[in-house]
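Just so it is clear, none of the values below were taken in a lab; they were calculated from the coordinates. Predicted, not measured: the structure shown is a model, and the values here were computed from it. Every residue, glycine as well, gets a Cβ built from its backbone with ideal geometry; the counts of neighbours run over all protein chains shown.
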Protein chains: 2
Amino acid sequence: MDALVTWIDERGLKPGDRLPPERDLTAALKVGRSSLREAVSQLSALGVLEARIGSGTYLKRRVTPGTHYMPLTVTADGLAEALLMTLEVRRGIEIEASIAAARRRTADDIVRMEVALNEMESAHKTEGGSGKADFAYHMTIYDAAHNPLFRQLLEQMRDIVERFWEQPFDRPDFAARSFPFHRTLFNAIRDGDAEAAAAETRKILDVVEEDIRNMRP
Amino acid sequence: MDALVTWIDERGLKPGDRLPPERDLTAALKVGRSSLREAVSQLSALGVLEARIGSGTYLKRRVTPGTHYMPLTVTADGLAEALLMTLEVRRGIEIEASIAAARRRTADDIVRMEVALNEMESAHKTEGGSGKADFAYHMTIYDAAHNPLFRQLLEQMRDIVERFWEQPFDRPDFAARSFPFHRTLFNAIRDGDAEAAAAETRKILDVVEEDIRNMRP
DNA sequence: TAACAGAATTGGTCTGACCTAATACCAATA
DNA sequence: TATTGGTATTAGGTCAGACCAATTCTGTTA
């Protein structure tokens, strides 16, 4: 696996780039196809590569020989349990991300956040809320924190939430209740007020968590 | 991969248990050895299995078909950068873990925490502090939170910290400065005072982070 | 120009042989 | 009896080659 990562790093491949076919790579790395596939399958499991049959293998995330992998496994008795588990972790992370965003946001970040916030608001007015617009707005905050770990963590947690909503029951529009706080949060981050940003995030998550607890099976 | 996880789940294997040799498992799962090895290598990368040559393959973490995997990759320009990145996330997580621990700790948890705290204190008196005793004490807190995600996250972050300390420079005893706060934190959790636990954790992490920033190369 | 069929490409699986590192076993020895 | 040390066995790791299945490319046809 290390040999493959080194090879990728040396060539300066970026996310989205395609790797050569396996049969060619074996020659370059001087290993059998089995060993190469072992590395590819491990890096795929870690979300670094994505192999598409008939098409090729693509780089999904930046890697270097110094990259550290943090594989977490969430095993709970039921999806609702897993959701509550991640939600608790998410609280801490989101609050910290808001603080970091308030401290490090650039002018560009602020523009992006406001655009996403407006889109989210109009989505709420026209169709009563869209999960995608909500998520996009949240992500602009995590990006403003300028710490890629935040984004990754939240993306992973979204996947769990998405699994959860697949369940056959009506999705209450819990986003609506936390809605009024979002513009206040935006203002706090824009003004660089870390304390206010943390407090506002806390309020939002309290509302969300309460709603989710109420809708448990 | 799913077939193997299902097989493990059906037999109720627990962490530490050994899987049958690959050549035997292929028969049970009705797949070729390549496919089985693909699954094993992926689950190994995800920290679920551990293959030891000449000995066998062992289960490291509980898995079920419903298990969700959260692979994170930390790629930064230098270890110090990675350390600061994870430290920021750690802040949020530790604070939330302290709150959860204050709410959910059992009588047993309290006993374990106090034992570990005393060991840590005596370690500090005799040899000026031991990283292991510190870590063990912290882990008792995360366990008292009764959310396995906390423990996993912190274990992963410890690995990054350990990599960092390998660097050839003297390790200042930064734990000593945060030392007085630890007993206060213990008291807060024991008394179920979530607010105080959060505040105390915040203080500890402020000190630790400050020290780490000062010692950057 | 658009739609389709077939060829080429590429990852996925299977088989079987061989390599290498742990481990278990057993006899020789102190 | 306890310990040592060599040897056979076990079990994961690697290699090679054939074949499968999904995708993509390409050239022909309507």
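Take A:Leu29 and A:Thr64, extend 7 Å from each Cα along the Cα→Cβ direction, and tell me the distance between the two endpoints in nm.
Placing both labels 7 Å beyond Cα along the Cβ direction yields 2.1 nm.
Please list, by residue number, everything in the stretch A:8-25 whose backbone N is under 17 Å from a paramagnetic label point 7 Å out along Cα→Cβ of A:Arg52.
Those under the cut-off are A:14-22.
I need the phi-derived Karplus couplings for the stretch A:107-114: 6.51 cos²θ - 1.76 cosθ + 1.60, θ = phi - 60°, integer Hz, Gly and Pro marked x.
Per-residue couplings from phi come out as 4, 4, 4, 4, 4, 4, 4, 5 Hz.
Per DSSP helix of 4 or more residues, -39500 (n - 2.57); summed, then divided by the residues of chain A. What does that give at 222 nm, rounded to the nearest 500?
-22500 deg cm²/dmol
Mind checking A:43-49 for the average number of partner chain beta-carbons within 10 Å of each residue's beta-carbon?
Averaged over the peptide's residues, the number is 5.
How long, wide and thick is the stretch A:1-159, going by the Cα atoms along their three principal axes, in whole angstroms, largest first?
57, 43, 31 Å, listed from the longest principal axis down.
Taking a threshold of 24 Å on the Cα-Cα distance, which of the pairs B:Lys60/B:Lys132; A:Lys60/B:Lys14; A:Lys30/B:Lys60; A:Lys60/B:Lys30; B:Lys125/B:Lys203; B:Lys60/B:Lys125 fall above it?
Table pairs above 24 Å Cα-Cα are A:Lys60/B:Lys14; A:Lys30/B:Lys60; A:Lys60/B:Lys30; B:Lys60/B:Lys125.
When 1/r is averaged over all different Cα pairs and the result inverted, which Kirkwood radius in Å belongs to the stretch B:79-214?
15.0 Å
Karplus couplings for the stretch A:14-23 from phi (6.51 cos²θ - 1.76 cosθ + 1.60, θ = phi - 60°), rounded to Hz, Gly and Pro as x?
Residue by residue, the stretch A:14-23 yields 10, x, x, 5, 9, 7, x, x, 3, 4 Hz.
Averaging over every viewing direction, what projected area does the convex hull of the Cα atoms of the stretch A:2-59 cover, in nm²?
Mean shadow area of the hull around the Cα atoms is 3.6 nm².
With contacts defined as alpha carbon pairs under 8 Å and 6 or more residues apart, what's the relative contact order of chain B in percent?
20 percent
Rounded if a/c is under 1.5, else prolate if a/b is larger than b/c, else oblate: which is the protein assembly as shown, with a ≥ b ≥ c the root eigenvalues of its Cα gyration tensor?
rounded
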